[in-house]
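This report concerns only the one structure given below.
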Amino acid sequence: MKPDLSTSVGSLKLSGPVLLASGTCGYGAELEGLLDLNAIGGIVVKGISLEPRKGNPPPRIAETPCGLLNAIGLENVGVDAFLEKKLPWLCKLDCVVIVNILGSSAQEYAQMARRLDGVKGVDALEVNISCPNVKEGGVAFGTDPIAASEVTAAVRECTSLPVIVKLSPNVTDITVIARAVESAGADAISLINTLLGMKIDIFSRRPAIANTFAGLSGPAIRPVALRMVWQAVSSVSVPVIGIGGITTSQDAVEFLMAGACAVQVGTATLVKPSAAAEITEGIGEFMKQQGIKSIEQLNINT
């Protein structure tokens with residue numbers, strides 16, 4: 001019997017457990033002809049802000065062993081251009097479309113939520129709280145449970161869409177932040193965002209990234225991500241989406257066994273655009289071989 005790959009993130013129904021991670025798949029159309037988006041659960045589009053952002057100056061990407069450093073700087077077209085030029089293409093898809101939103105204050109997050117609420121083609125919001133809080137000296141919202149809670153509550157108040165809060169791993173105790181955003185009204189959480197790292201070019205004797213520090217993603221962070229997902233699942237009652245270095249179906253199954261209801265694939269897409277579809281297929285094959293009928297039955301973190 002063919003296993004059932006469908007899953008739910010709260011009220012959000014997915015045909016499969018694999019999503020494309022924000023920032024690694026553009027606005028979807030960039031992968032046209034390289035990946036059938038209808039073969040996966042959905043896409044989390046590149047982070048969107050109220051106004052367009054140019055991002056950081058180059059160089060802003062550097063490879064590391066088993067990973068990738070990036071300091072793109074949240075470059076995006078802004079919400080107006082997204083709604084006018086990007087969303088119409090996304091509306092043609094059969095998979096779920098989640099819009100990642102960002103801001104420099106709780107008020108900006110609220111404005112973004114209000115702008116996207118009820119918009120056809122937008123199925124849910126993912127709230128990026130790894131952004132710097134300009135009112136608090138640039139400290140990331142996601143490293144402070146109070147600030148994380150304020151942003152979550154502001155978004156929750158301004159939308160009827162499912163609210164997924166994406167957590168930063170650059171904290172001492174991930175469960176504190178997870179519980180804070182749950183209490184503030186998050187319908188689900190996704191984790192982890194990138195780990196803070198750096199690289200030095202020993203020949204130029206300068207940091208390899210113009211911004212000095214950058215976000216580390218890829219297989220190198222997977223054990224850390226898996227540990228944090230396990231901890232989050234054990235500490236909150238809302239659904240958890242696992243992210244971090246997933247490149248194979250076996251990797252994805254680990255996160256699903258840790259209690260994640262779905263996973264996101266990011267850096268792997270940059271290496272192989274069809275990775276998400278292949279991972280989805282591999283999950284199905286594993287479940288069939290093991291006699292597992294549903295995604296929920298993979299969970300061992302109970």
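A few points about this structure:
- Answer from Glu136, Glu150 - the residue that is more than 22 Å from Leu226 (Cα to Cα) and without any contact (Cβ under 8 Å) to a residue 12 or more places away in the chain: Glu136
- Going through (1) touching a helix residue (DSSP H, G or I) at 6+ places or on another chain (Cβ under 9 Å); (2) in a loop (DSSP other than H, G, I, E, B) one by one, Val97 falls short only on (2).
- Restricting attention to segment 18-38 and to residues that are out of contact with any Lys or Arg (no Cβ under 8 Å at 6 or more places or on another chain) and closer than 15 Å to Ala268 by Cβ, the residue that is surrounded by the fewest Cβ atoms within 10 Å (Cβ to Cβ) turns out to be Leu34.
- Across segment 273-302, the qualifying residues are those that are without any contact (Cβ under 8 Å) to a residue 60 or more places away in the chain and of a type in the set (Val, Ile, Thr), and the one among them that is surrounded by the most Cβ atoms within 10 Å (Cβ to Cβ) is Ile300.
- Note on segment 232-290: residues that are in a strand (DSSP E or B) and small (Gly, Ala, Ser) amount to 2.
- Filtered residues of segment 6-61 (kept if of a type in the set (A, V, I, L, M) and either more than 16 Å from the chain's Cα centre (by Cα) or farther than 19 Å from Val263 by Cβ (or both)): Ala29, Leu31, Leu34, Leu35, Leu37, Ala39, Ile48, Leu50, Ile61
- Ser160 being in a loop (DSSP other than H, G, I, E, B) and among the polar types (S, T, N, Q): yes
- In segment 202-215, the residues that are without any contact (Cβ under 8 Å) to a residue 60 or more places away in the chain form Cβ pairs under 9 Å with partners that are β-branched (Val, Ile, Thr) and not in a loop (DSSP other than H, G, I, E, B), at six or more places apart or across chains, as follows: Arg206/Ile200; Pro207/Ile200.
- Annotation: Tyr109 fulfils all but one of (1) of a type in the set (Ser, Thr, Tyr); (2) within 28 Å of Ala260 (Cα to Cα); (3) touching a Cys at 6+ places or on another chain (Cβ under 9 Å); (4) at pLDDT below 95; the unmet one is (4).
The values are calculated or read from the model by the stated rules, or taken from the named source; none is laboratory data. The structure presented is a predicted model; accordingly, all values stated were derived computationally and were not measured. Glycine also receives a Cβ, built like all others from the backbone with ideal geometry; neighbour counts cover every protein chain displayed.
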